[in-house]
Structure formats: C-alpha cells, structure tokens
Amino acid sequence: MSEYKLTVGLEVHAELKTKTKMFCSSANDPDEVRPNVNICPVCMAHPGTLPVINKKAVHHVLRVGTALGSDLADFTEFDRKNYFYPDIPKGYQISQYKYPLVSNGILNGVAIERVHLEEDTASSSHEGSEGSLVDFNRAGVPLMELVTKPVIHTAEEAGAFARELQLLLRMLGVSDANMEKGEMRVEANISISKTDELGTKVEVKNLNSFRSVERAIAYEVERMTKILDGGQGEIVQETRGWDEGAQKTFSQRKKESAHDYRYFPDPDLPKLKLSEIPEFSSDVLRATMPELPWEKRVRLVREYGVKPENAEVFTADKVLGGLFEDAVIAIGVDRPSITLIENYITSDLVGLMKGSDSVGGVTGHTLSDLINMIKAGDLSSRGAKDTLALMYSEGGEPREIAEKNGFIQKNDIEALKKIVDEVIFANPTVVADYKSGKTALLQFFVGQGMKASKGSGNPGTLKSLFEEALK
C-alpha cells in the first residue's frame, strides 16, 4: 500500500440546456451534425458585435447552487480570460473569475469551491497531414464550471462524485450531461504527499467517462510514486491528457496560473445585482426545486420499503423510477405487492431491456395488473415471466396475453390429479427412493408436474397432491 496521501480536486464542465447560446441568439443544438451552421457575427467575434447575457443560463446555475446548499452571489460580473487557441474566435473566453455566481456547498460529501458560468469553445478535429478543422457550432454555448475543493482522497470517491453530479444536473433539467457527447467533461487536479501539505499538482484532461476519471487518477498515483521513490527527479506541474486506448496519461503543456490569463472584467457586459431580479431570489429558487436525488432515495426506502440498491436504480433511471411509481399508484400502498413490483422491474424487466432505455409496452397499469394476477394465483412464476416478456415486446393486457398463450395457472384439482398420476407412473425408481426416506425428492415431482402442465400448474397445489399420492 502506498505511503503517499492522494488529494484530488475536480473541475467539471457541463453544457447547459438553453434554446440559444450564452451571449447571442444562435441555436444551442448539441445534436446538430452539420458543421458551422449555428453561428452568427457575435459568437464568431466579428468587429463591432456586442454580447447579451442569456438569463436562462444564469438561472440554471443558481438552481444548481440552491440544490448544493451553496452561497448565491448578490453581485456578479463576467471576465475576459485571455489566451490564444484556434477554437476561441475572440482571442479570449468570457468567463467568471473574482465574482462567481455560486460559492461553497456540498455534494456527496465533497465540498464545493465555486460554480461559475462561461462560454464553451469550438470543437476541433485533427486530420493528420491534412491539417485541423474547427466547428464553431459549440462556440459560445452556455457552460457551467463546478470546482471542488481538494478534499477527495480516492479514485472511487472522485468517480462517485461525478456520477452524483450528472444525476443532479439531469434531475434539475439544466443539462443532459452526456459524457459521450461532450456535454459533461471532467478534469482532475491530482497530487500526492507524505504530509498534509499538498504536493505538486498535475491536471488531467480528456476524461470522457467515469471509469476514465478513476483510471486516470489511479495511473497518476502510480506514475508520481515511481518518480518520487525511484529518484527520477521531481513531479512537474503540468497539464496532461488521457489516452483511453493506452490507458495512460501523456504530457500536453506546462500548467498555467491565473495571472497567465490576464483576467479583467468584460467591458461589454453589465454588472449584475441578482437581488434586483425577482426570479433569482433564494425563496423563489427553493420553491421551484424538484425532488433531489438524495431525497428520492430516502423516500423510496422509507415509504415503500425499497431495497437501498434498488432505490439507487429508480433514482438514477428516470424511466424505471417512473414505471415503479406508476405501478405503485395503480396497485395501492401494499408492501407485498410493492416488493413484487420492485423485483420484477429490477430483475426480469431490466433483463429484457438489455441496456436499452425503453420499457417497451409495459406500463404502470399493466404491470400492476400482472402483479395482481400473481397474487391471485392465476400465474406461476414462470407464467408471469413469460407474460411480462410478451408485454414488453408486444404490449397489451397481461390477462389477455396469459389466456391466449395458455399461461393461466391451473387450479383444477381433477386435472392436476391426472398429471400427478402420470408423473408417478413414469418414475417408479424415484417413487421408491422417496418412500425409502429421500423426501427431498418431492421437489423433483413438483418440477415434473409443472413441466407436464407447461408451467400452468399451481406448484402449491401440486405439492399437496404429490404428498397425498405418495403416502
């Protein structure tokens, strides 16, 4: 085990859901595949153009701050962050430095430093010897940046924080935060030290999945430890990228400091006194908060007796969570029924979905009807699974499906007695073993009875009939 203490601070960028960009009226459309169509003179920095603040984007960030229990700014302003790169047409990025919208707060046990608002850069693609191409559709899109305090000490803690933040952004409706589409991007500031004093910080970029966040941190700990223990010199403060294929980091450039960007207030944008805007007041923001992830988990366990791991599933997956609660409303607050709903969703239905985000033809109403049929003894476990599979693939009412396909459980005593006699006649050796004391073989007979009835026999009734017949 390493004797070094790992310290991590995360910087998370999330593109916000707004109709237009941060400072102009160009469309904010993350699904646009044609390059350079959502652009205008403002976001392309043509001379003489002036930016205008997107009020919705400011509102989104304040809602995030409210959910985090943060301090919301009264006074705020936008700054120019000066640096040259082909993906920023202005030669500077409009961001926030000294007066962020949100300060402090906590999420998943991790303390927050600040949350501020800025504009996104364009996206670049590199074509080898052909050169590089720049698509400015993304340039100027509202971008929230959340910075944690350096209080994370394991790779797993960092991954858990990023997952919880993504879930929060989605539940607030401020961002889709799809990492595979670049709508949420994580950077990790990593250092190791044998003392409480922080070591030299390295920033790792290009982390486009939660696993990448965890693996990059683990890799850097190993790399830094080898440098310090192997006499290979000193750790250099720098920015490194993450190579997903090689599963390793690589040096990109020397890490800049704040003074390198020559921040100063943007003279084209007004200062904001947020208390003068009614919908930005703390009371209004709190009143519009939806149920937050940690609140929902607690409620599902407390009100419905849901297992904690399943409460996590229903919180993280909006579709499955909605189906569960719709079915509970339809069936009524009955704990045994709710447990059946919970189990059939998290095991059987999830298995049918195979990673899809659709529950097919299953609705809360039809799922509750299926559960009622199970409780009434109309469907065996096998019959219920087969009925659910057809509900998923084709839709429809469970009773009609079960009747049409012969899944209704048989409780006809005379019909089941006939099956019992046939099974006993076909297995004389097993009958002899059972009568010699191997009573566990009773399950064999029940299984054969279920097979003979094509899954429609009531297993409890079959068990009683076999016990009587084998005396």
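If you go through region 360-404 and keep only what is touching a residue at least 60 places away in the same chain (Cβ under 8 Å) and not in a helix (DSSP H, G or I), you end up with 377, 380.
I want to confirm something. Restricting to region 254-291 and keeping residues that are in a loop (DSSP other than H, G, I, E, B) and buried (at least 16 other Cβ atoms within 10 Å of the Cβ), which single residue is modelled with the lowest pLDDT? Per the stated criteria, the residue is 255.
Looking only at residues of region 405-442 that are within 30 Å of residue 369 (Cβ to Cβ) and in a helix (DSSP H, G or I), we find that the one that is modelled with the highest pLDDT is 419. For the residues 33, 37, the requirement of being modelled with pLDDT of 95 or more, in a loop (DSSP other than H, G, I, E, B) and either assigned by the TED database to the domain that holds residue 89 or among the hydroxyl-bearing types (Ser, Thr, Tyr) (or both) singles out 37.
The condition of being under 28 Å from residue 167 (Cβ atoms) and either out of contact with any Lys or Arg (no Cβ under 7 Å at 6 or more places or on another chain) or among the β-branched types (Val, Ile, Thr) (or both) holds for only one of 80, 34, 63, that being 63.
Within region 40-84, the set of residues being hydroxyl-bearing (Ser, Thr, Tyr) and either in a loop (DSSP other than H, G, I, E, B) or outside the structural domain of residue 168 (by the TED database) (or both) comprises 49, 70, 83. Of the candidates 325, 342, the single residue that is farther than 22 Å from residue 457 by Cα, modelled with pLDDT of 95 or more, buried (at least 20 other Cβ atoms within 10 Å of the Cβ) and within 22 Å of the chain's Cα centre (by Cα) is 342.
Any residue in region 67-75 that is surrounded by fewer than 22 Cβ atoms within 10 Å (Cβ to Cβ), under 29 Å from residue 282 (Cα atoms), free of Cβ contacts under 8 Å to residues at least 40 places away in the same chain and acidic (Asp, Glu)? Yes, there is a match, as at least one residue in region 67-75 is surrounded by fewer than 22 Cβ atoms within 10 Å (Cβ to Cβ), under 29 Å from residue 282 (Cα atoms), free of Cβ contacts under 8 Å to residues at least 40 places away in the same chain and acidic (Asp, Glu). Within the set 328, 319, 333, the sole residue that is among the β-branched types (Val, Ile, Thr) and assigned to a loop (DSSP other than H, G, I, E, B) turns out to be 333.
Within region 425-456, restricting attention to residues that are of a type in the set (S, T, N, Q) and under 30 Å from residue 402 (Cβ atoms), the residue that is surrounded by the fewest Cβ atoms within 10 Å (Cβ to Cβ) is 443. Flag not set for residue 375, criterion: under 23 Å from residue 459 (Cα atoms) and buried (at least 16 other Cβ atoms within 10 Å of the Cβ). Going by what's in this entry, would residue 233 be described as outside the structural domain of residue 338 (by the TED database) and in a loop (DSSP other than H, G, I, E, B)? Judged against the criteria, residue 233 is a match.
When 177, 122, 111 are checked against the criterion of being within 30 Å of residue 197 (Cα to Cα) and in contact (Cβ under 8 Å) with a residue 24 or more places away in the chain, a single residue qualifies: 111. Against the numbered list (1) within 18 Å of residue 79 (Cα to Cα); (2) not hydroxyl-bearing (Ser, Thr, Tyr); (3) not in a strand (DSSP E or B), residue 138 comes up short only at (1).
Okay, residues lined up against (1) crowded, with 20+ Cβ neighbours inside 10 Å; (2) charged (D, E, K, R); (3) touching a Gly at 6+ places or on another chain (Cβ under 7 Å):
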{"residue": "178", "(1), (2), (3)": "no, no, no"}
{"residue": "194", "(1), (2), (3)": "no, yes, no"}
{"residue": "211", "(1), (2), (3)": "no, yes, no"}
{"residue": "214", "(1), (2), (3)": "yes, yes, yes"}
{"residue": "241", "(1), (2), (3)": "no, no, no"}
{"residue": "246", "(1), (2), (3)": "no, no, no"}
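Under the condition of being outside any helix (DSSP H, G or I) and surrounded by fewer than 21 Cβ atoms within 10 Å (Cβ to Cβ), the residues counted in region 457-471 number 2. Among the residues in region 16-29, are any surrounded by fewer than 21 Cβ atoms within 10 Å (Cβ to Cβ), of a type outside the set (Gly, Ala, Ser) and touching a Leu at 6+ places or on another chain (Cβ under 8 Å)? Checked region 16-29: no residue is surrounded by fewer than 21 Cβ atoms within 10 Å (Cβ to Cβ), of a type outside the set (Gly, Ala, Ser) and touching a Leu at 6+ places or on another chain (Cβ under 8 Å).
Counting just the residues of region 405-414 that are within 16 Å of residue 449 (Cβ to Cβ) and free of Cβ contacts under 8 Å to residues at least 24 places away in the same chain, which one comes out surrounded by the fewest Cβ atoms within 10 Å (Cβ to Cβ)? Here the answer is 414. Pairs meeting the criteria (first residue in region 287-303 and of a type outside the set (A, V, I, L, M, F, W, C), second residue not in a helix (DSSP H, G or I), beta carbons under 7 Å, at least 6 apart or on different chains) are lacking.
Scanning region 446-459 for residues that are touching a residue at least 60 places away in the same chain (Cβ under 8 Å) and out of contact with any strand residue (DSSP E or B) (no Cβ under 7 Å at 6 or more places or on another chain) turns up 455, 459. Condition check: outside any strand (DSSP E or B) and under 24 Å from the mean Cα position of the chain (by Cα). Does residue 11 satisfy that? Judged against the criteria, residue 11 is not a match. For region 150-166, check the following and say yes or no: at least one residue is of a type in the set (A, V, I, L, M), in the same structural domain as residue 25 (by the TED database), in a strand (DSSP E or B) and surrounded by 18 or more Cβ atoms within 10 Å (Cβ to Cβ). Looking through region 150-166, at least one residue is of a type in the set (A, V, I, L, M), in the same structural domain as residue 25 (by the TED database), in a strand (DSSP E or B) and surrounded by 18 or more Cβ atoms within 10 Å (Cβ to Cβ).
The values are calculated or read from the model by the stated rules, or taken from the named source; none is laboratory data. In this text, all values refer to a predicted model and were calculated from it rather than measured experimentally. Note that each Cβ is placed from the backbone with ideal geometry, even for glycine, and that neighbours are counted across all protein chains shown.
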